[in-house]
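Below is one structure, written out as structure tokens; the observations come after it.
The values are calculated or read from the model by the stated rules, or taken from the named source; none is laboratory data. Computed from a predicted model, the values in this text were never measured in an experiment. Ideal geometry is used to build each Cβ from the backbone, glycine not excepted, and the neighbour counts take in all protein chains shown. All accessible areas refer to the heavy atoms of the entire protein, side chains included, with ligands and DNA or RNA removed. Shrake-Rupley method; radii C 1.70, N 1.55, O 1.52, S 1.80 Å.
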Amino acid sequence: MKLVVGLGNPGAKYNFTRHNTGFLALDFYFKLNNLNWNEKPRLGAIYGRLDDVLFIKPQDFYNLSGRAVATYAKYYKIDTSDILVVCDNFDLEFGKIRYRSSGVTGGNNGLKSIDEEIKTNCYPRIRVGTKNPELQSKIDAIDFVLSKFTPEEKARLPKILSETCEKIDEFIRN
């Protein structure tokens, strides 16, 4: 069994914010594959399933995402190498997608929480770049990650999310 985790913050006010890129990617994946979320949280996350792959959107706030990831991994006995985390990265060029089989948090508090809860950083992750130097020069990092995408960025999202979904499929197949 595999576990695909999208990081984000619960609640409508966070829709289309940079920190919800993981949620957006999984929602896009579900739309492409005609899947439905079970909107009633279980084990701390909204979840869905496709064959032997579980998908979750933790319902704790971003910085506490590790709790749901650890709970699912333990409950379903999922090895850390079979956990894929999809998250934003504000230091990565907007739209750039980076896959790593393991690695450091790079200051991402959602990844920090996961590392602490599952006691390792040896799990795959997809980082989706949300960098916007002009906007980042005007506001602090917290306000930036909680900011909405600009209209120009939002127009590019379908292509970026589609490419992210291809990476998710690669993880599932391998």
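A few remarks follow.
- Sole residue being at pLDDT 95 or above and out of contact with any strand residue (DSSP E or B) (no Cβ under 9 Å at 6 or more places or on another chain), chosen from Lys77, Lys154: Lys77
Residues are listed down the side, and each one gets a yes or a no for (1) buried (at least 17 other Cβ atoms within 10 Å of the Cβ); (2) in a helix (DSSP H, G or I); (3) not β-branched (Val, Ile, Thr):
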| residue | (1), (2), (3) |
| --- | --- |
| Asn20 | yes, yes, yes |
| Asn36 | no, no, yes |
| Glu39 | no, no, yes |
| Leu54 | yes, no, yes |
| Asn63 | no, yes, yes |
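- Qualifying position, being exposed (fewer than 15 other Cβ atoms within 10 Å of the Cβ) and on the phi > 0 side of the Ramachandran plot, among Lys148, Lys138, Lys74, Lys119: Lys119
- Annotation note: of Leu7, Leu24, the sole residue that is open to solvent by 10 Å² or more (accessible area, probe 1.4 Å), under 12 Å from the mean Cα position of the chain (by Cα) and under 30 Å from Asp140 (Cβ atoms) is Leu24.
- All positions within the stretch 21-59 that are within 18 Å of Lys154 (Cβ to Cβ) and touching an Asp or Glu at 6+ places or on another chain (Cβ under 8 Å): Thr21, Gly22
- Qualifying residue in the stretch 92-103 (condition: closer than 20 Å to Pro10 by Cβ and open to solvent by less than 80 Å² (accessible area, probe 1.4 Å)): no
- Residue in the stretch 149-167 that is under 14 Å from the mean Cα position of the chain (by Cα) and of a type in the set (Lys, Arg) present: yes
- Each residue in the stretch 77-88 was checked for being in contact (Cβ under 8 Å) with a residue 24 or more places away in the chain and either among the acidic types (Asp, Glu) or open to solvent by less than 20 Å² (accessible area, probe 1.4 Å) (or both), and 8 pass.
Yes/no matrix, rows are residues, columns are (1) open to solvent by less than 40 Å² (accessible area, probe 1.4 Å); (2) assigned to a helix (DSSP H, G or I):
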| site | (1), (2) |
| --- | --- |
| Gly106 | no, no |
| Lys112 | no, yes |
| Lys154 | no, yes |
| Leu157 | yes, yes |
| Ser162 | no, yes |
| Cys165 | yes, yes |
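- Among the residues listed as Thr130, Thr120, the single one being assigned to a loop (DSSP other than H, G, I, E, B), within 20 Å of Pro58 (Cβ to Cβ) and touching a helix residue (DSSP H, G or I) at 6+ places or on another chain (Cβ under 7 Å): Thr120
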